[in-house]
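Asker: There's a structure below that I have some questions on.
The values are calculated or read from the model by the stated rules, or taken from the named source; none is laboratory data. Since we're looking at a predicted model, the values are computed, not measured. Cβ coordinates were reconstructed from backbone atoms using ideal geometry, including for glycine residues, and neighbour counts include every protein chain displayed.
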Amino acid sequence: MASGRSSPTCGAQTAACPPTSRPDSHGRPRCGVRTALHIPANAGEHAAAIEAILRRVPDGWGRWLSVDAGWYPLVIATDRRLAEIDPGYVVHQIKEKFGTLRYYCAAGSDDPRREVLDALDAVTEEAERFSALTCERCGDPGILRRTRYWAKTLCTPCGDGLGYMPASDWVQ
């Protein structure tokens, strides 16, 4: 770009984040990284759907997915189901935590009906349960696996390749 600023999808400085802004405690720009769209490099055929999901994230929350490619179809299916319930719903964060998917979202209305909130919760809870059966890396059937410090849902080839053992075999 002629101005020397990067595209808003790259995570670098944008017009909304001047180069003189003070970095956060990790040395990252306070505004450019959190408002930019961080579409995973391995998104492939899922890139457009992931971009649409990330556009639901409000400014300042950080527009990225913290899951591996095997869960991209699950994240996209979850978004579609949530959008059927509430077309204006908002995403706050999508990540892996303790080996399963966490899809944090809120209703798009300031005063949502209880039925809408319950339906949104039911969809995200179902996605979390399904993620516990799906390899986060490749999307094949998986189980909860562990290392000393980490838990992930992985299939046998992915788990063995990364040094994860079935959680049921874990002895501390």
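Asker: Looking for whichever is farther than 24 Å from LEU154 by Cα and not charged (D, E, K, R) here; the options are LEU74, LEU101, LEU37. Which one fits?
Answerer: Numbers: LEU74 fails: farther than 24 Å from LEU154 by Cα; LEU101 fails: farther than 24 Å from LEU154 by Cα.
Exactly one of LEU74, LEU101, LEU37 is farther than 24 Å from LEU154 by Cα and not charged (D, E, K, R), namely LEU37.
Asker: In segment 47-69, which residues are closer than 17 Å to TYR103 by Cα, more than 12 Å from the chain's Cα centre (by Cα) and not in a loop (DSSP other than H, G, I, E, B)?
Answerer: ALA49, ALA52
Per-residue answers, yes or no, for (1) touching a Lys or Arg at 6+ places or on another chain (Cβ under 6 Å); (2) surrounded by fewer than 16 Cβ atoms within 10 Å (Cβ to Cβ):
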residue: ALA122; (1), (2): no, yes
residue: ALA127; (1), (2): no, no
residue: LEU133; (1), (2): no, yes
residue: GLY139; (1), (2): no, no
residue: ARG146; (1), (2): no, no
residue: CYS155; (1), (2): no, no
residue: CYS158; (1), (2): yes, no
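Asker: Could I ask something else about it? So ASP111 passes all but one of these: (1) of a type in the set (D, E, K, R); (2) part of a strand (DSSP E or B); (3) modelled with pLDDT under 95. Which condition number does it fail?
Answerer: With respect to (1) of a type in the set (D, E, K, R); (2) part of a strand (DSSP E or B); (3) modelled with pLDDT under 95, ASP111 is out only on (2).
Asker: Within segment 40-71, which residues are of a type in the set (D, E, K, R) and within 26 Å of GLY142 (Cβ to Cβ)? Before you say what the answer is, go through the steps one by one.
Answerer: Of all residues in segment 40-71, those of a type in the set (D, E, K, R) come to 45, 51, 55-56, 59, 63, 68.
Once the filter is applied, which keeps residues that are of a type in the set (D, E, K, R) and within 26 Å of GLY142 (Cβ to Cβ), segment 40-71 yields GLU45, ASP68.
Asker: Follow-up question, since we're still on this one. What are the pairs, 6+ residues apart or on separate chains, where a residue within segment 82-97 that is surrounded by 17 or more Cβ atoms within 10 Å (Cβ to Cβ) has its Cβ under 6 Å from a residue that is among the basic types (Lys, Arg)?
Answerer: Going by the 6 Å Cβ cut-off, the qualifying pairs are VAL91/ARG56.
Asker: Out of the residues in segment 96-108 that are aliphatic (A, V, I, L, M) and in a strand (DSSP E or B), which is farthest from PRO141 (Cα to Cα)? Give the derivation first.
Answerer: Looking only at segment 96-108, we keep the residues that are aliphatic (A, V, I, L, M), and these are 101, 106-107.
Right, trim to in a strand (DSSP E or B) and you get 101, 106.
Working: LEU101: 15, ALA106: 29 Å.
Among them, the one singled out is ALA106.
Asker: Could you list, in sequence order, the residues of segment 139-157 that are assigned to a loop (DSSP other than H, G, I, E, B) and farther than 11 Å from TRP170 by Cβ?
Answerer: Just the residues of segment 139-157 that are assigned to a loop (DSSP other than H, G, I, E, B), to begin with: 139-140, 142, 147-150, 155.
GLY139, ASP140, GLY142, TYR149, TRP150, CYS155, listed by residue number.
Asker: On to the next question. Residue under question is VAL116, and the condition is that it be assigned to a helix (DSSP H, G or I) and over 24 Å from ARG145 (Cβ atoms); does it hold?
Answerer: Details: assigned to a helix (DSSP H, G or I): yes; over 24 Å from ARG145 (Cβ atoms): yes.
For VAL116, the condition - assigned to a helix (DSSP H, G or I) and over 24 Å from ARG145 (Cβ atoms) - is met.
Asker: Any idea which of (1) at pLDDT 95 or above; (2) in a helix (DSSP H, G or I); (3) out of contact with any Lys or Arg (no Cβ under 9 Å at 6 or more places or on another chain) is the one SER168 doesn't satisfy?
Answerer: (1)
Asker: Here is a list of conditions, (1) touching a His at 6+ places or on another chain (Cβ under 6 Å); (2) at pLDDT below 95, and THR14 meets all of them except one; can you say which number that is?
Answerer: (1)
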